[in-house]
1. For A:Gln57, indicate whether it is more than 17 Å from D:Ala123 (Cα to Cα), without any contact (Cβ under 8 Å) to a residue 60 or more places away in the chain, in a loop (DSSP other than H, G, I, E, B) and more than 10 Å from the chain's Cα centre (by Cα).
2. Going by what's in this entry, would A:Ala32 be described as within 10 Å of the chain's Cα centre (by Cα), under 14 Å from A:Ala68 (Cα atoms) and not β-branched (Val, Ile, Thr)?
3. Taking the condition of being within 14 Å of chain D (Cβ to nearest Cβ) and in contact with an Asp or Glu (Cβ under 9 Å, 6 or more places away or on another chain), how many residues in the stretch C:79-94 meet it?
4. Say we look at the stretch C:60-73 and pick out the residues that are closer than 21 Å to C:Met23 by Cα and of a type outside the set (A, V, I, L, M, F, W, C); which of these is surrounded by the fewest Cβ atoms within 10 Å (Cβ to Cβ)?
5. Hey, can you tell me all the residues within the stretch B:11-59 that are crowded, with 18+ Cβ neighbours inside 10 Å and within 11 Å of chain C (Cβ to nearest Cβ)?
6. Tell me, yes or no, whether the stretch D:16-29 has at least one residue that is at the interface with chain C (Cβ under 9 Å from one of its Cβ atoms), closer than 21 Å to D:Ile115 by Cα, in contact with a helix residue (DSSP H, G or I) (Cβ under 9 Å, 6 or more places away or on another chain) and crowded, with 21+ Cβ neighbours inside 10 Å.
7. In this structure, does D:Glu70 turn out to be of a type in the set (D, E, K, R), over 14 Å from the mean Cα position of the chain (by Cα) and either within 11 Å of chain A (Cβ to nearest Cβ) or in a helix (DSSP H, G or I) (or both)?
8. Pairs only if they're at least six apart or on different chains, beta carbon under 7 angstrom, first in the stretch C:87-104 and over 19 Å from C:Asp41 (Cα atoms), second among the aromatic types (Phe, Trp, Tyr) and part of a strand (DSSP E or B); list them, first residue then second.
Amino acid sequence: MTVTVKFFASLREQTGCDRVDITIEQSCSVKAIWKMSTSLTLDPHILVAINHAYRDQESDVCDGDEVAFFPPVTGG
Amino acid sequence: MTVTVKFFASLREQTGCDRVDITIEQSCSVKAIWKMSTSLTLDPHILVAINHAYRDQESDVCDGDEVAFFPPVTGG
Amino acid sequence: MIISLRTKSFNPWNEIQNAQTSMDFAGAFGATAVFVGTMRDFNEGDQVTEMDLEYYPGMTEKELQRLCFEVTQDSPVLEVLVVHRVGKIYPGDDIVLVCVWSAHRAAAFDSCRSIMEILKHRAPFWKKERLIDRHRWVEKNTSG
Amino acid sequence: MIISLRTKSFNPWNEIQNAQTSMDFAGAFGATAVFVGTMRDFNEGDQVTEMDLEYYPGMTEKELQRLCFEVTQDSPVLEVLVVHRVGKIYPGDDIVLVCVWSAHRAAAFDSCRSIMEILKHRAPFWKKERLIDRHRWVEKNTSG
């Protein structure tokens with residue numbers, strides 16, 4: 001099962017990565033996906049989106065999902 | 001002493017008068033000015049301005065004043 | 001503070017741009033809040049074909065100045081523009097424009113809305129509507 | 001609902017006029033409330049010379065749609081227009097436009113402000129400022 005992981009803004013710079021495809025054995029948590037993608041600590045303020053919709057860090061990730069991590073937003 | 005009295009909007013139509021100059025013997029109240037200008041009853045909702053500034057119906061009127069009577073405003 | 005009464009139709013968006021061009025605080029304002037009131041062709045269930053907006057020459061301008069000053073005097077507002085139509089107005093015509101510039105959005109939003117509310121309750125303007133078969137004075141503004 | 005992301009500078013007042021021309025409810029709207037956010041040349045005490053506005057292609061557009069829908073679904077709003085810049089932005093450039101049309105002013109004012117507040121807290125955009133001697137990510141929006 002493949003999951004696409006994306007990092008945005010300061011997280012993209014800190015991880016040095018904007019996108020990575022990772023392979024997982026079975027559905028797992030957002031937190032597990034984070035650990036497989038970077039050695040940084042998952043700060044509780046970091047926002048999570050799965051397939052373009054906000055989810056929390058406790059959510060489950062399935063095959064084919066796009067998981068995005070980003071800092072608090074600052075648009076407008 | 002001369003006072004200029006003006007009526008606006010529906011009051012102008014009801015009194016049939018937009019402007020009248022009246023002569024008074026001495027300073028008097030807005031209510032007295034009203035009575036000298038029209039036979040209509042002075043409804044408490046009627047607004048009063050003296051020299052282009054809001055005043056209430058109890059105010060005093062002096063020589064040379066412009067006294068205006070008008071209904072509640074409906075601009076904007 | 002720019003306050004203006006107009007006897008002819010005006011384009012609010014051009015008014016804003018013209019005002020902005022002549023301002024010397026480019027780069028200083030981060031927020032512009034605008035309200036435009038437009039004449040509708042229906043009011044209180046009746047079709048309205050025309051409106052006559054009466055005002056009190058001399059007092060109306062002063063009162064607009066006063067209320068804009070009152071609203072913005074303790075607020076970090078950079079500039080205020082108010083344009084108001086008077087005279088014959090037709091459905092689709094813009095009646096009033098209020099535009100407020102400030103560094104941050106709260107002051108712009110707050111002042112723009114406050115100016116509209118106070119204007120509706122205090123500025124000497126009176127609307128007379130022409131319906132299909134008669135005229136009537138508008139007696140009360142809708143609440144905001 | 002008209003939602004649009006732009007990589008080039010836009011004129012908010014022309015955007016409003018263009019949107020209005022293509023609308024089929026002339027005579028039905030009495031209120032237009034607008035907010036425009038503009039890039040300032042100062043932030044948190046520092047001179048800012050340039051800004052890079054990052055977004056999440058695919059999600060940002062959807063999230064804007066969602067939040068505009070959320071704000072207006074139970075409100076008598078006739079139309080909503082949101083335009084947001086992305087990419088390189090310079091002081092004086094407009095960043096965001098929110099315009100709401102309705103019959104009466106309360107719905108237009110309320111929805112316009114709510115859309116701005118929610119947009120600031122939820123729409124996936126990130127600002128990176130270029131100062132005289134360094135870059136920095138904006139960490140928190142000013143409160144509204």
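We did not get these values from a lab; they are worked out from the coordinates using the rules stated. Remember, it's a predicted structure, so these values are computed and weren't measured experimentally. Note that each Cβ is placed from the backbone with ideal geometry, even for glycine, and that neighbours are counted across all protein chains shown.
1. no
2. yes
3. 7
4. Looking at residues that are closer than 21 Å to C:Met23 by Cα and of a type outside the set (A, V, I, L, M, F, W, C), I get C:Gln73.
5. B:Leu11, B:Arg12, B:Leu47, B:Ala49, B:Ile50
6. yes
7. In short, yes.
8. As it stands, the answer is C:Val98/C:Phe35, since those pairs meet every condition given.
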